[in-house]
Amino acid sequence: MTTITLKSLANENDRITVSGATVDALRQSLRGPLCLPGDPGYEEARTIWNAMIDRRPAMVVRALGAADVIQTVRFAADHGAFLAVRGGGHNIAGHAVCEGGLLLDLSLMRSVHVDPSSKRVRVEPGALLADLDKETMAFGCVVPSGINSTTGIAGLTLGGGFGWTTRKLGLTIDSLLAADLVTADGKLLRVNGNENSNLFWAIRGGGGNFGVVTSFFFRMHPMAPAVLSGVVVHPLETAPDFLRDYRRLAAAAADELTAWVVMRKAPPLPFLPQEWHGREVLILALCWCGDLSQGERAVAELRGLGRPIADVVAPQPFTAWQSAFDPMLTPGARNYWKSHDFAELSDDAIDAMVAAVRTLPAPDCEVLIAHLGGAMSRVPPEATAYPQRNPHFLMNVHTRWQKADDDEHCIAWARNLFAATADHAAGSVYVNFMPEDEADRVAMAYGPNYRRLSEIKRHYDPQNLFRLNQNIAPAVHEVRATG
Ligand code: FAD
């Protein structure tokens, strides 16, 4: 085999050269395949959810276990190769893949092992939310996660993780008991409240900055098979009044109730009258996870607002609701996101969002308003790396389109709405919703926790091997001259 050149870790404009014998030795040490461009599995490994990202790594390791991860991390560190780590491949920023470097692809490691007696579940880092939900719900249990079942559990957990059960059960990280982590020196560490507790603190929100997780261990929570859930659809014309009532009712809601809003052009859903297909609407998405008859009463006021075009809220299996939005979030489209947290949803922010929805640049673009609080807000901000524990509304401007020709126009629309609402925002931002061009927001995203994260990074990854992420720079300690 001939030599391979890889992007250098020390200088991204340089290349390092590795002999064919060295690559063969790595290949022999692995259980999973090592793929070069053109090999089977190479395209699958480099293709991620956001079609804006089209990068060609020089080499891919498709890990099958912790040993493969250790070998790959050591190889990257020893040879100074630029490294990317891929879980479910969903992150908007596209950090899961690098151009010209070494890609450590974890997507084949998808096992989920439930221990019903201890109510714990061990999850491998390539597992998707659907894998986790299907396994745990077979035992009447759940781990709180996100709203799109094809999202990877790894990236979601490392950033914090929230969805339909977060107000009742907390963030995904609030159910994380432990993890196995391969650090930059190629060691596998168990991290939990007692062992390597600094690292355990850091990976609960700090992203992929500290190592590669090979197993997550979660606490499971009992969950009824059905949730009261569905959508209520309104004309966009009534959105300003609706949202003023929504913010009041959402803020006062019981922990069991989660109510999010999406404003977009109506998809051709079978329960919507045809004349509404393609017109701007406000979609209220509701989920009550608790006693169903109590839930009917709890959602009545929200469902009674305005004059809806359609209301399809009813009991349904939790796993069905968890995948209800999958058809609108399929891979392969071009995507760009901008996000703000809001302590309060001001009239001006509401009006700016509604005005932007009147000028959507492409049919699949949308503005999402999520409401977070309940159990997740009863954890102190310094308890985990994820800092924004106050009840808050989160806006995600989700721009989604098909052709590269529309990039500029669509991205400009998202940035304009982001700028128009900036004065009303809390300043924090969810790292998992940040696009690639927001490196300057990372410190703000972690707020008071950034300094500690940066110290831990310095201790465990001083060379910043794990840098293709929302990067936390290793702390720099001033060297004082003596004499
Ligand atoms: P990847 O792109 O594979 O990974 C993201 C990054 O995480 C990688 O670049 C790497 O730095 C790091 N990483 C991945 N695996 C590991 C590992 N094992 N060890 C160390 N580092 C690792 N988030 C929510 O909280 N709630 C939601 O409801 C929600 N909905 C979403 C819906 C859609 C359609 C999309 C695209 C995203 C959504 N997200 C949501 C955001 C989601 O949490 C992030 O995109 C997350 O990063 C996805 O994880 P992944 O493993 O699929 O991503």
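The values are calculated or read from the model by the stated rules, or taken from the named source; none is laboratory data. These numbers were taken from a predicted model, which means no experiment stands behind them. Glycine also receives a Cβ, built like all others from the backbone with ideal geometry; neighbour counts cover every protein chain displayed. Accessible surface areas use protein heavy atoms only, side chains included; no ligands, DNA or RNA. Shrake-Rupley method; radii C 1.70, N 1.55, O 1.52, S 1.80 Å.
Only one of the listed residues (G290, G295) is part of a loop (DSSP other than H, G, I, E, B) and more than 25 Å from the chain's Cα centre (by Cα). That residue is G290. Among residues belonging to region 113-127 that are over 20 Å from the mean Cα position of the chain (by Cα) and small (G, A, S), point out the one that is farthest from G88 (Cα to Cα). Top of the filtered list is S117.
From the list S229, S215, the one residue that fits, being over 30 Å from L465 (Cβ atoms) and hydroxyl-bearing (S, T, Y), is S229. With the requirement that a residue be farther than 30 Å from A51 by Cα and open to solvent by 30 Å² or more (accessible area, probe 1.4 Å), what does region 441-473 give you? Those that are farther than 30 Å from A51 by Cα and open to solvent by 30 Å² or more (accessible area, probe 1.4 Å): G447, P448, Y450, R451, R452, E455, R458, H459, Y460, P462, Q463.
For region 268-282, the set of residues classified as out of contact with any Pro (no Cβ under 7 Å at 6 or more places or on another chain), open to solvent by less than 20 Å² (accessible area, probe 1.4 Å) and either without any contact (Cβ under 8 Å) to a residue 40 or more places away in the chain or within 14 Å of M328 (Cβ to Cβ) (or both) consists of L272 only.
Considering only residues in region 84-122 that are touching a Gly at 6+ places or on another chain (Cβ under 7 Å) and more than 10 Å from the ligand (Cβ to nearest atom), the one that is nearest to L156 (Cα to Cα) turns out to be R110. I'd like to check something: does region 302-321 contain any residue that is open to solvent by 20 Å² or more (accessible area, probe 1.4 Å), touching a residue at least 24 places away in the same chain (Cβ under 8 Å) and within 30 Å of A51 (Cα to Cα)? The answer is yes; a qualifying residue exists. Any idea which of (1) of a type outside the set (K, R); (2) open to solvent by 10 Å² or more (accessible area, probe 1.4 Å); (3) within 21 Å of L6 (Cα to Cα) is the one C98 doesn't satisfy? Failed condition: (2). With respect to the conditions (1) among the aliphatic types (A, V, I, L, M); (2) touching a helix residue (DSSP H, G or I) at 6+ places or on another chain (Cβ under 6 Å); (3) in contact (Cβ under 8 Å) with a residue 40 or more places away in the chain, L34 lacks only one, and its number is (3). Among the residues of region 442-460, those that are in contact with an Asp or Glu (Cβ under 9 Å, 6 or more places away or on another chain) and more than 19 Å from N91 (Cβ to Cβ) comprise P448, N449, R452, Y460. For A81, indicate whether it is more than 13 Å from the ligand (Cβ to nearest atom), of a type in the set (A, V, I, L, M, F, W, C), open to solvent by less than 10 Å² (accessible area, probe 1.4 Å) and out of contact with any Pro (no Cβ under 6 Å at 6 or more places or on another chain). Against the criterion (more than 13 Å from the ligand (Cβ to nearest atom), of a type in the set (A, V, I, L, M, F, W, C), open to solvent by less than 10 Å² (accessible area, probe 1.4 Å) and out of contact with any Pro (no Cβ under 6 Å at 6 or more places or on another chain)), A81 qualifies. Answer with yes or no whether F318 is over 16 Å from the mean Cα position of the chain (by Cα), closer than 24 Å to L249 by Cβ and within 16 Å of the ligand (Cβ to nearest atom). Yes. All conditions in (1) within 13 Å of the ligand (Cβ to nearest atom); (2) surrounded by 24 or more Cβ atoms within 10 Å (Cβ to Cβ) hold for T136, with the sole exception of (1). For region 53-85, which positions are part of a helix (DSSP H, G or I) and free of Cβ contacts under 8 Å to residues at least 12 places away in the same chain? Scanning region 53-85 gives a single hit, D78.
Residues of region 285-310 that are closer than 20 Å to E366 by Cα and either of a type in the set (F, W, Y) or touching a Lys or Arg at 6+ places or on another chain (Cβ under 8 Å) (or both): L286 alone. Applying the criterion of being open to solvent by 20 Å² or more (accessible area, probe 1.4 Å) and near the ligand (Cβ under 6 Å from one of its atoms) to the residues of region 146-155, the residue that is farthest from M434 (Cα to Cα) is I147.
Is it true that L158 is buried (at least 24 other Cβ atoms within 10 Å of the Cβ), outside any loop (DSSP other than H, G, I, E, B) and either touching a residue at least 40 places away in the same chain (Cβ under 8 Å) or more than 10 Å from the ligand (Cβ to nearest atom) (or both)? Yes.
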